[in-house]
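> After the structure tokens below, expect a handful of questions from me.
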Amino acid sequence: MCGIAGFIYADRQRPVDPDTLVAMAAIQYHRGPDGFGWQAMDGVGFSHARLSIIDLDEERGRQPFVSADKRLMMTKNGELYDYQRIRANLSAEGARFLTKSDSEIVMHLYPKHGLDGTLPHLRGEFAFALFDRDEDTLHLVRDRFGIKPLYWTEIDGGLVFGSELKVLFAHPDVKREFDSAGLYHQLMQTMVPGTTAFAGVHQIKPGHALTIRRRNGKLEIEDRRYWDMPFPEESARGEPADEQEYIEGVRERLIEAVQLRMEADVPVGCYLSGGIDSCSIVGMAAASTQGSVRAYTIGFDNAEYDETAIAREMAEAVNAEHDVMLLEADHLYDHFEETLWHTERTIYNTLGVAKLLMSRHVNETGYKVVMTGEGSDELFGGYPAFRRDMFLHGLDHLAPEERAEWEAMLAESNKLFKGAMLAEESLDDPALTDRVGFTPSCLQPWLASGERVPGLLQADRRAALADYKPGVAIAETLDADSLAGRHPLDKAQYVWIKTMLEGQILTWGGDRVDMANAMEARPPFLDHHLAEYAAQLPPSMRIHGRTEKYVLREAMKGLLPETLYKREKFAFMAPPAHTDPKKWGAMRALADKYLNADAVKEAGLLDHAGVEAIFELHEAADTTAATQTQLDAVINHMIGVQALFHHFVATDVPAQARRRAEELGWRA
């Protein structure tokens, strides 16, 4: 895991400034503190901040790589698994490798297969840039689920890319200003896939490749998808197989995914919450090694949200070395601003802060790599929103008494998530209903929050967005062909994967807060071999009666303590601010700093009267707990956009990046 950066100019003769490349690497030092490198050719420059995981040799593993024939230049972030087998096959065919790095296989696969033929061979989490000098073409590629980030923007006569927004902003020609629609989505939590808060700055979408061809002094940009979650049409599913076949199929593929991700030249630990996802990972890791596994758990000082007891039970069951970090509610807001510098987008809940503090703790214990449970809920139907959509749109055959039982169960089990993971009241968005067949429950709480956004916007921005429909913008990015004819549960999972998984869980809940402390997270559940198998499972194997993630529970039954095996899904999140007076006071202190009248006027993003109205509503005597949870999120977002303005617009980022390079002693 590392940080990558670079740019391509339309004019091949335009000089590449090495100091800019070094500054772009230096500002992401947190991603790669083990060294840096840069290369340039023909108006193209790459740089790289390295975190040594595979091939620890400082010189031999230094990126960017340049091929022996000077045709290819490459810089990569992430890990490729099963690379030893590919290296052996290529070596048998005459390839000569200069390093032990997993990344180098791309340099040998590409000349043989081209980009489209290379991508199916790549298994793991990655983002890379590959310049083909013969074709005068730059390829920017992101992994299938978007585990690793990759941003890009056009400048006058060129294109700039990097692992983080601040990396792009370190280039002096990149503009740093908010996009009004992007601001809207920051305030309502759910981003439009492929977008950011900033004008003209994009993400490579998961499973996509951006190809930039230099033709006649201009850049031609092509964005294409190379992989998508392959849920089959209902009519194509056929007769279901024996249940045991599905259970064994999941177990076999998950064990392989875990064992591949245990390969490293440094120790590999595990995150451990009280859910079956991380517990399964810890259990399989413990069974796959002769040594002990180190497991890290976050504990909260709120019994409703704390899962330490179950995590401890799991750790004891597999003799894992258990490390618990207990966090106090008001302590989280002490690191809120720092977390936003790393996430580069707003966060609705302080879980992101907790994860940043945990990655720091992991780093301090001498570990660089952990495996995590992210992706399990997406594959096996774990979230309450999925059960709700399956019940409302996929169980029309139920008798009235059965529907009444489901409704009572959903109402009771989902109380804690109202206002955050579930809307307080059902909401229908015409554009999403037209595209999906219904408005997915996972988006409803944020669409409900979105109804408050116009009143929060600065007057000119509000006027510019008078006719803006966030649901339309999101719906237009969802592939209609991938949704047509699918089961309602498949549709709900597909939408979550394209929106909440990439834009939230893998971003401010994953890579950005893990790599803030040079800590690599590996999610075995998002191995695409496992995902492709899970997509073919009948919906009843994912949500079986009242049991979510049924097939995973059965596959891991022998590993899990009975308490956990029988336990209902509990979403891992930090307690909302209003649930604790100290935490509410800490939030208010940040609001006083960032949401006062002068700060709001300086940024030109929000309307101060609208900000004050949110606090008045929050503190009204008749405001429900679910509404307060929603408003907690809105307040976090308002503080967030103001902090982002401070970090990336009001601050001279190019100068900040160059100072960082000087402090590190990194020179061209």
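The values are calculated or read from the model by the stated rules, or taken from the named source; none is laboratory data. Computed from a predicted model, the values in this text were never measured in an experiment. Please note: Cβ atoms are built from the backbone with ideal geometry, for glycine as well, and neighbour counts cover all protein chains shown. Protein only, heavy atoms only, side chains kept; ligands, DNA and RNA dropped before computing areas. Shrake-Rupley method; radii C 1.70, N 1.55, O 1.52, S 1.80 Å.
> With modelled with pLDDT of 95 or more and out of contact with any Leu (no Cβ under 7 Å at 6 or more places or on another chain) as the only criterion, which of Val495, Val472, Val513 stands out?
Only one candidate qualifies: Val472.
> Could you check the stretch 478-493 and list, in sequence order, the residues that are touching a strand residue (DSSP E or B) at 6+ places or on another chain (Cβ under 9 Å) and either outside any helix (DSSP H, G or I) or closer than 28 Å to Val453 by Cα (or both)?
Within the stretch 478-493, Asp479 is the sole residue that qualifies.
> If the requirement is being at pLDDT below 90 and outside any loop (DSSP other than H, G, I, E, B), which of these qualifies: Met409, Met358?
Met409
> Any residue at all in the stretch 235-251 that is among the basic types (Lys, Arg), open to solvent by 30 Å² or more (accessible area, probe 1.4 Å) and assigned to a loop (DSSP other than H, G, I, E, B)?
The answer is yes, given that some residue of the stretch 235-251 is among the basic types (Lys, Arg), open to solvent by 30 Å² or more (accessible area, probe 1.4 Å) and assigned to a loop (DSSP other than H, G, I, E, B).
> Quick test of your reading of the structure: Arg294 fulfils all but one of (1) under 19 Å from Asp514 (Cα atoms); (2) free of Cβ contacts under 8 Å to residues at least 60 places away in the same chain. Name the failing condition by number.
So Arg294 meets the others, but not (2).
> Is one or more of the residues making up the stretch 144-165 farther than 23 Å from Ile27 by Cα, open to solvent by less than 10 Å² (accessible area, probe 1.4 Å) and not small (Gly, Ala, Ser)?
There is at least one residue in the stretch 144-165 that is farther than 23 Å from Ile27 by Cα, open to solvent by less than 10 Å² (accessible area, probe 1.4 Å) and not small (Gly, Ala, Ser).
> Which ones in the stretch 123-146 are of a type in the set (Phe, Trp, Tyr) and over 15 Å from Ser101 (Cβ atoms)?
Phe131, Phe145
> Out of the residues in the stretch 529-546 meeting the condition of being at pLDDT 95 or above and among the charged types (D, E, K, R), tell me which one is surrounded by the fewest Cβ atoms within 10 Å (Cβ to Cβ).
Glu532
> Now for a separate question. Could you please find all residues in the stretch 319-337 being modelled with pLDDT of 85 or more, open to solvent by less than 30 Å² (accessible area, probe 1.4 Å) and either touching a Lys or Arg at 6+ places or on another chain (Cβ under 6 Å) or not in a strand (DSSP E or B) (or both)?
Passing the criteria: Ala320, Leu332, Tyr333, Phe336.
> Additional query: Tally up the residues in the stretch 623-641 that are open to solvent by 10 Å² or more (accessible area, probe 1.4 Å) and either assigned to a helix (DSSP H, G or I) or basic (Lys, Arg) (or both), please.
Matching residues across the stretch 623-641 total 6.
> What is the number of the single condition among (1) assigned to a strand (DSSP E or B); (2) touching an Asp or Glu at 6+ places or on another chain (Cβ under 9 Å); (3) surrounded by fewer than 19 Cβ atoms within 10 Å (Cβ to Cβ) that Gly269 does not meet?
Going through (1) assigned to a strand (DSSP E or B); (2) touching an Asp or Glu at 6+ places or on another chain (Cβ under 9 Å); (3) surrounded by fewer than 19 Cβ atoms within 10 Å (Cβ to Cβ) one by one, Gly269 breaks only (3).
> Hey, can you tell me all the residues within the stretch 70-108 that are under 19 Å from Phe131 (Cα atoms), of a type in the set (A, V, I, L, M) and over 24 Å from the mean Cα position of the chain (by Cα)?
Hits for the stretch 70-108 are Leu72, Met73, Leu98, Ile105, Met107.
> Taking the stretch 291-307, which residues are among the polar types (S, T, N, Q) and modelled with pLDDT under 80?
Asn302
> Next up: Taking the condition farther than 21 Å from Thr365 by Cα and open to solvent by 50 Å² or more (accessible area, probe 1.4 Å), does Glu263 pass?
Considered against the rule, which asks whether it is farther than 21 Å from Thr365 by Cα and open to solvent by 50 Å² or more (accessible area, probe 1.4 Å), Glu263 comes out as no.
> Here's something else I'd like to know. Considering (1) open to solvent by less than 20 Å² (accessible area, probe 1.4 Å); (2) within 18 Å of the chain's Cα centre (by Cα), say which one Ile505 fails and leave the rest.
The one condition Ile505 does not meet is (1).
> What is the number of the single condition among (1) at pLDDT below 95; (2) surrounded by fewer than 22 Cβ atoms within 10 Å (Cβ to Cβ); (3) more than 26 Å from the chain's Cα centre (by Cα) that Ile54 does not meet?
All conditions are met except number (3).
> Another question, if that's okay. Condition check: touching an Asp or Glu at 6+ places or on another chain (Cβ under 9 Å), in contact (Cβ under 8 Å) with a residue 60 or more places away in the chain, surrounded by fewer than 24 Cβ atoms within 10 Å (Cβ to Cβ) and farther than 24 Å from Leu664 by Cβ. Does Arg71 satisfy that?
Considered against the rule, which asks whether it is touching an Asp or Glu at 6+ places or on another chain (Cβ under 9 Å), in contact (Cβ under 8 Å) with a residue 60 or more places away in the chain, surrounded by fewer than 24 Cβ atoms within 10 Å (Cβ to Cβ) and farther than 24 Å from Leu664 by Cβ, Arg71 comes out as yes.
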